[in-house]
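Have a look at the structure below, then the notes.
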Amino acid sequence: MLELYHWEPNVDSGEPLIYLKEKQLPFESRYVDVLQMQQHRQEFLRLNPSGRVPVLVHDGRTITEAGLAMLYLEDAFPQRPLVPKPLAERYEAHFWIKYVEERMAPYVTLLGWHGITRPTLQPGTIEGARRTLEGLPHERRQLWEKALDDAYSEEEIALARESLAAAARKLERALERAPWLAGESYSVADIALVLTVRALRVVTPDLLSAERMPRTLEWLGRLEERPAIR
Ligand SMILES: N[C@@H](CCC(=O)N[C@@H](CS)C(=O)NCC(=O)O)C(=O)O
């Protein structure tokens, strides 16, 4: 049996949701309302001590990290393959999963939080969120305190923008060489990136433009046509 603990189908939770739909794998959906801080509740922390979604549970085994969850599922359910067979393409698929996780998602989160979400929060909501941090590991608590205080330096904001601009250039080069990120076939790499790239429309609209990312926009258009993604 497959269970998926997830929030909205935005960046991280969206990856396994799209993957499961593409593979037509039945699963039980367990909604975790991140805006209500349900990911910091004791019962959820027992499942994932870092207090983050998504979390996949397969026959009682817990699998965290969106990209790794998709690779796990690919081994468990090889039908309708979404990891390419050729070694070079396989490497590319793994590469992009790591790349989006390390070099894109944190910066999209930072700019989205700093520029959009945090300014809308009432003081009471911020204090309420602060009270949920107690059970988190030190590192997660520090990250949250900084986010709630909106204590980002100008250098950090600039680094986030520069990293996303570098990612944009990298995506354009990859999509110049092949129609999909891993190569000739649609794969977990495209699933891992589609929603993060889509989020650029909101966090860095100047970047996701026909001028700067034409091939990426064309790729995004093809992805948005897929029923699993729609
Ligand atoms: N590297 C993790 C990132 C997961 C992540 O950051 N999830 C966000 C939701 S998009 C979350 O749970 N945030 C809530 C929190 O940090 O308390 C993955 O790929 O699963």
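The values are calculated or read from the model by the stated rules, or taken from the named source; none is laboratory data. In this text the structure is predicted, and so the values were computed from the model without any measurement. All Cβ positions, glycine included, derive from the backbone under ideal geometry; neighbour counts span all protein chains shown. The area values use the complete protein model at the heavy-atom level, side chains included, leaving out ligands, DNA and RNA. Shrake-Rupley method; radii C 1.70, N 1.55, O 1.52, S 1.80 Å.
Matching residues to (1) within 14 Å of the ligand (Cβ to nearest atom); (2) within 21 Å of residue 171 (Cα to Cα); (3) at pLDDT 95 or above; (4) not in a helix (DSSP H, G or I):
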| site | (1), (2), (3), (4) |
| --- | --- |
| 25 | no, no, yes, yes |
| 56 | yes, no, yes, yes |
| 72 | yes, no, yes, no |
| 103 | yes, yes, yes, no |
| 113 | yes, no, yes, no |
Q: Could you tell me which residue of the stretch 27-36 is farthest from the ligand (Cβ to nearest atom), considering only residues that are in contact with a strand residue (DSSP E or B) (Cβ under 9 Å, 6 or more places away or on another chain) and open to solvent by 30 Å² or more (accessible area, probe 1.4 Å)?
A: 28
Q: For the stretch 6-16, indicate whether the set of residues that are buried (at least 17 other Cβ atoms within 10 Å of the Cβ), in contact with a strand residue (DSSP E or B) (Cβ under 6 Å, 6 or more places away or on another chain), aliphatic (A, V, I, L, M) and not assigned by TED's automatic domain parsing to the domain that holds residue 186 is non-empty.
A: no
**Q.** Residues within the stretch 74-95 that are part of a helix (DSSP H, G or I) and either open to solvent by 30 Å² or more (accessible area, probe 1.4 Å) or in contact with a Gly (Cβ under 9 Å, 6 or more places away or on another chain) (or both), tallied
**A.** 11
Q. If you scan the stretch 176-201, which residues turn out to be among the charged types (D, E, K, R), open to solvent by 10 Å² or more (accessible area, probe 1.4 Å) and touching a residue at least 12 places away in the same chain (Cβ under 8 Å)?
A. 176, 184, 198
Q | Members of the stretch 37-52 found to be within 11 Å of the ligand (Cβ to nearest atom) and either at pLDDT below 95 or assigned to a helix (DSSP H, G or I) (or both), listed by number | A | 38, 39, 40, 44, 45
(Q) Which condition from (1) among the aliphatic types (A, V, I, L, M); (2) within 20 Å of residue 194 (Cα to Cα); (3) open to solvent by 50 Å² or more (accessible area, probe 1.4 Å) is the one that residue 1 breaks? (A) (2)
Q: Among residues belonging to the stretch 58-70 that are without any contact (Cβ under 8 Å) to a residue 40 or more places away in the chain and part of a loop (DSSP other than H, G, I, E, B), point out the one that is farthest from residue 125 (Cα to Cα).
A: 60
Q: Mind listing whichever residues of the stretch 142-159 are of a type in the set (A, V, I, L, M, F, W, C) and away from the ligand (no atom under 15 Å from the Cβ)?
A: 151, 157, 158, 159
Q. Can residue 139 be described as acidic (Asp, Glu) and within 16 Å of the ligand (Cβ to nearest atom)?
A. yes
Q: Quick one: which residue in 206, 190 is acidic (Asp, Glu) and in a helix (DSSP H, G or I)?
A: 190
Q.
Being among the hydroxyl-bearing types (Ser, Thr, Tyr) and either farther than 28 Å from residue 95 by Cβ or surrounded by fewer than 14 Cβ atoms within 10 Å (Cβ to Cβ) (or both) is true for just one of 216, 204, 125. Which residue is that?
A. 125
Q) Looking at this structure, is residue 41 out of contact with any Lys or Arg (no Cβ under 6 Å at 6 or more places or on another chain), open to solvent by 10 Å² or more (accessible area, probe 1.4 Å) and over 22 Å from residue 128 (Cβ atoms)? A) no
